[in-house]
């Protein structure tokens, strides 16, 4: 019974870390990476569709993304989606191919991105702590219903706290790695 509660906590906490990692991919660093723009929504025949469903995205060199739409009619919609995004990117169209050069980040922009990064990390840590709170409440309910003993409750709380510390540590590692990547000139 307690194992189920702990496994649930482990799964939910790892999902919090995975969500944070997904958010990290969307942050712009100095290098070009398809995950920066693949989440953008493109107006495709009246419905919003992810960019990766209407075009292929590739990295031409370290600082240039190349988008090759599957239909010529979508080129303008893709440009519009890129301009509307808050990424600060300027697409250059040559026929049906769209090139997006990644401008070098200024020191000010690097600091702004770092602030966003730290806020995302704090949100991920809060999510992990919320999972801990929920699971601790579940353990207390089991104790109230006399399905576990007080010793089991204390052991479970210790184990859950260790899990929480582990996943918050993973978030910190990802944060430091991304921060280092962003501040690198």
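Starting from the exponent 0.38 and prefactor 2.2 Å, build the expected Rg for the chain from its residue count and divide its actual Cα Rg by it.
Against the compact-globule rule of thumb, the ratio is 1.38.
Along its three principal axes, how long is segment 34-101 when you only count alpha carbons? Whole Å, largest extent first please.
34, 25, 16 Å, listed from the longest principal axis down.
What is the P(r) of segment 94-185, as percent of Cα-Cα pairs per 5 Å bin from 0?
3, 12, 15, 13, 11, 9, 10, 7, 6, 5, 4, 3, 2, 1, 0
Separation between the residue 6 and residue 161 pseudo-spin-labels, each 7 Å from Cα along Cα→Cβ, expressed in nm?
Spacing of the two 7 Å Cα→Cβ label points: 1.6 nm.
Using 1/(1 + (r/R0)^6) with R0 = 30 angstrom and r between the beta carbons of residue 176 and residue 45, what's the FRET efficiency to the nearest 0.05? Walk me through the numbers on the way to the answer.
On the way: r = 44 Å, r/R0 = 1.46.
The pair residue 176/residue 45 has a calculated efficiency of 0.10.
Explain nothing, just the number: relative contact order of the chain, from Cα pairs under 8 Å at least 6 residues apart, as a whole percent.
Numbers: 214 pairs, mean separation 48.0, N = 185.
Contact order relative to length: 26 percent.
Tell me, how many Å apart are the Cα centres for segment 1-76 and for segment 144-177?
31
Rule-based calculations on the coordinates, nothing more; no lab input. These numbers were taken from a predicted model, which means no experiment stands behind them. FYI the Cβ positions are ideal-geometry reconstructions off the backbone, even for glycines, and counts take in every protein chain you see.
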